[in-house]
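I have placed the structure first, in the form of structure tokens, so that the comments after it can refer back to it.
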Amino acid sequence: MGYTDNKSYENVSNPDPTYGTPIYLTPEEVSTIYKKDLSDQPESIQLCRDQFIFHCMVGCRVGDLFHFTWGNIRNG
């Protein structure tokens, strides 16, 4: 629409994603995080911790959690 003549973004490319070897937390590390007392922190911090632990247990991506339904639960 002619708002700017500065088109420096045209020199930026978006390379293909690079995937490395995943690094996993040990069960002991997950347990340490799970047991951490966050009662003095805002509820949002506690929720983030709980979501992180859930991701560690099921191996889903962060964005996947918000698309789960009761139909995704199998065998209780």
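Between the alpha-carbon centres of segment 57-71 and segment 1-49 there is a gap of 16 Å.
Can you give the FRET efficiency to the nearest 0.05 for Ile45 and Asn6, using r as the Cβ-Cβ distance and R₀ = 35 Å? Between Ile45 and Asn6 the formula returns 0.30. Given +1 at the Cβ of Lys and Arg, -1 at the Cβ of Asp and Glu and no other charges, the dipole of segment 1-44 around its Cα centre is 80 debye to the nearest 20.
With helices as the sole contributors, the chain gives -11000 deg cm²/dmol at 222 nm; each DSSP H run of n ≥ 4 counts as -39500 (n - 2.57), and the sum is divided by every residue.
Any read-out appearing in this document is the output of simple, stated calculations on the displayed coordinates, not a laboratory observation. Quick caveat, the model's predicted, so the values are computed rather than measured. Quick reminder, even Gly has a Cβ in these numbers, built from the backbone with ideal geometry, and neighbours come from all protein chains shown.
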